[in-house]
Amino acid sequence: MKKSVVFSGMVLSALAVHAAGFGLYEMSAKSMMTGGHSVGRAEDASAVYYNPATISGLTGTWVTVGITAINPPLDTRVNGVGTHKMNPGWFPDPHAFITQELPWGFTAGLGFYADYGLGSHYDNSWPLAFNSVETLVEGYCVSPTLSYKITDSWSVAGGLRFERLNFHQRRIYRFDELAHYAYGYNSLGTMRLKINGNNDFDMGYLLGTAYEVTEDFSVGAVWRSRIRCDVEGNATASGNTAYSATMAAASTKDVGDKVDLPMSATVGFNWDRAMWLERLHLSSSVTWTEWSTIDTLDLGLSEAMNLGWHNAYRTGLGLAYDLTDWWTPGLGYVYDWDPTKEKRPNTMLPAGDRHNVYVGSTFHITDRLEFTLAGGIVIMESKTAWFDNPVTGEEDAFKFQSRNSHTYLASATLTYHF
């Protein structure tokens with residue numbers, strides 16, 4: 001068995017969650033309902049994440065808290081046979097932000113949010129159980145920021161990102177099936193593998209700027225640095241025969257590597273009274289992520305794992321309309337390019353470009369208090385990937401097809417400013 005499979009799943013899960021729609025960009029229901037394009041102007045205190053430069057436009061103290069629930073079901077086929085469902089249930093993604101106006105043109109912000117997250121669960125008996133049966137990734141970020149208003153129209157900001165990732169993965173290797181029963185049924189046995197790992201809080205930073213071209217039209221840009229994560233963990237395994245027990249003993253060890261999470265850059269605009277309609281708000285943004293930095297993982301095992309990812313973009317458009325003084329509905333769309341290749345697949349995050357559609361409403365309860373409900377669906381394009389046999393080394397032994405892949409999101413956010 002190729003030893004690289006022991007730890008690669010844990011690291012891949014950390015990286016893949018940020019790609020093509022599992023980056024958890026939904027940091028507030030109000031921004032989410034229009035596609036998360038809040039780059040030129042602050043919607044609420046979640047601007048600490050979207051563009052900290054825009055918090056200069058928030059006077060006094062703003063507090064935004066909420067939660068987004070995520071459910072990623074999926075149908076799959078392996079070698080054209082059967083339908084294997086993946087439905088791990090709903091996962092909560094909390095967020096909390098606060099901004100405080102300071103003297104001399106400064107505004108401080110603090111954010112706590114989960115910008116990494118992944119959950120997948122397949123039946124123990126499915127053919128690609130050696131790749132993944134169950135995976136859970138939880139990524140948390142604490143981000144203090146500071147914005148400065150250079151002029152009435154131009155603001156700049158900088159901040160830190162302290163990231164922590166928690167991992168859990170389970171795999172099952174049925175050696176007789178993978179070896180095509182070459183030695184008789186259950187002669188080689190089954191190995192069950194569990195991987196757990198995490199890192200201490202590793203630090204990166206972000207820079208932002210925002211400029212009001214006119215009273216109604218603003219542009220902004222954000223740059224996020226790479227974050228080098230010192231991932232450490234352990235793999236434990238058990239087997240039910242002499243052969244599988246021997247393989248399990250070889251797979252039980254401490255494992256780790258340094259992984260560079262890629263940098264990204266976002267530019268966008270926000271347009272109030274858009275198209276010269278008093279109550280219409282438009283927004284758009286483009287995000288580029290340097291996924292090409294995730295090329296090879298040298299995990300300190302017998303061989304490196306070549307991924308060959310490429311850079312990818314994320315872009316879309318959102319609109320909101322003030323139907324009344326107390327009710328603002330909105331909708332948004334985002335297209336997410338997939339950075340993976342067919343020969344670099346992983347069943348924890350099926351490959352495929354994504355169409356993200358969002359809808360929601362903000363209720364202005366008072367001049368200082370508002371509540372937003374939003375929902376979304378991520379529609380993944382069908383894609384075929386190929387897996388090698390980890391026991392025989394046979395190339396392209398498994399044809400993996402993802403179908404009916406939808407991720408559902410439901411979000412609620414409460415904002416109060418003093």
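Miscellaneous remarks
- Looking only at region 130-154, and only at residues there that are modelled with pLDDT of 85 or more and of a type in the set (Gly, Ala, Ser), the one that is surrounded by the most Cβ atoms within 10 Å (Cβ to Cβ): Ser147
- Just one of the listed residues (Ala108, Ala157, Ala114) is out of contact with any Phe, Trp or Tyr (no Cβ under 8 Å at 6 or more places or on another chain) and not acidic (Asp, Glu), and it is Ala108.
- Test: residue in region 394-403 that is assigned to a strand (DSSP E or B), within 30 Å of Glu101 (Cβ to Cβ) and over 18 Å from the mean Cα position of the chain (by Cα): no
- Considering region 28-61, and only residues there that are among the aliphatic types (A, V, I, L, M) and part of a loop (DSSP other than H, G, I, E, B), the residue that is nearest to Ala320 (Cα to Cα) turns out to be Met33.
- The lone exception for Ala114 - which of (1) of a type outside the set (Phe, Trp, Tyr); (2) within 21 Å of Leu58 (Cα to Cα); (3) assigned to a strand (DSSP E or B) it fails: (2)
- Some residue of region 377-389 being aromatic (Phe, Trp, Tyr) and at pLDDT 90 or above: no
- Any chance Tyr321 is at pLDDT 90 or above and not aliphatic (A, V, I, L, M): yes
- When region 78-111 is filtered for residues that are at pLDDT 75 or above, charged (D, E, K, R) and farther than 20 Å from Ser31 by Cβ, only Glu101 remains.
- Residue match in region 190-198 (condition: out of contact with any Asp or Glu (no Cβ under 8 Å at 6 or more places or on another chain) and on the phi > 0 side of the Ramachandran plot): no
- Cβ pairs under 8 Å, 6+ apart, first in region 276-293 and over 15 Å from Leu331 (Cα atoms), second of a type in the set (Val, Ile, Thr): Val286/Thr266; Val286/Val267; Val286/Thr315; Thr287/Thr266; Thr287/Thr315; Trp288/Thr266
- Residue within region 213-225 that is of a type in the set (A, V, I, L, M), touching a helix residue (DSSP H, G or I) at 6+ places or on another chain (Cβ under 9 Å) and within 25 Å of Thr293 (Cβ to Cβ) present: yes
- Condition check for Thr209: of a type outside the set (A, V, I, L, M), free of Cβ contacts under 8 Å to residues at least 24 places away in the same chain and within 30 Å of Pro103 (Cβ to Cβ): no
- In region 236-268, the qualifying residues are those that are within 30 Å of Gly40 (Cα to Cα) and surrounded by fewer than 21 Cβ atoms within 10 Å (Cβ to Cβ), and the one that is modelled with the lowest pLDDT is Asp260.
- Within region 361-393, if we keep just the residues that are more than 25 Å from Ala96 (Cβ to Cβ) and part of a loop (DSSP other than H, G, I, E, B), the residue that is nearest to the chain's Cα centre (by Cα) turns out to be Glu381.
- Near pairs, Cβ below 9 angstrom, 6+ apart or cross-chain, from region 149-164 (over 20 Å from Gly111 (Cα atoms) and part of a strand (DSSP E or B)) to any residue that is basic (Lys, Arg) and modelled with pLDDT under 95: none
The values are calculated or read from the model by the stated rules, or taken from the named source; none is laboratory data. Given the structure is predicted, the values throughout are model-derived calculations rather than measurements. All Cβ positions, even for glycine, are placed from backbone atoms using ideal geometry, and neighbour counts span all protein chains on display.
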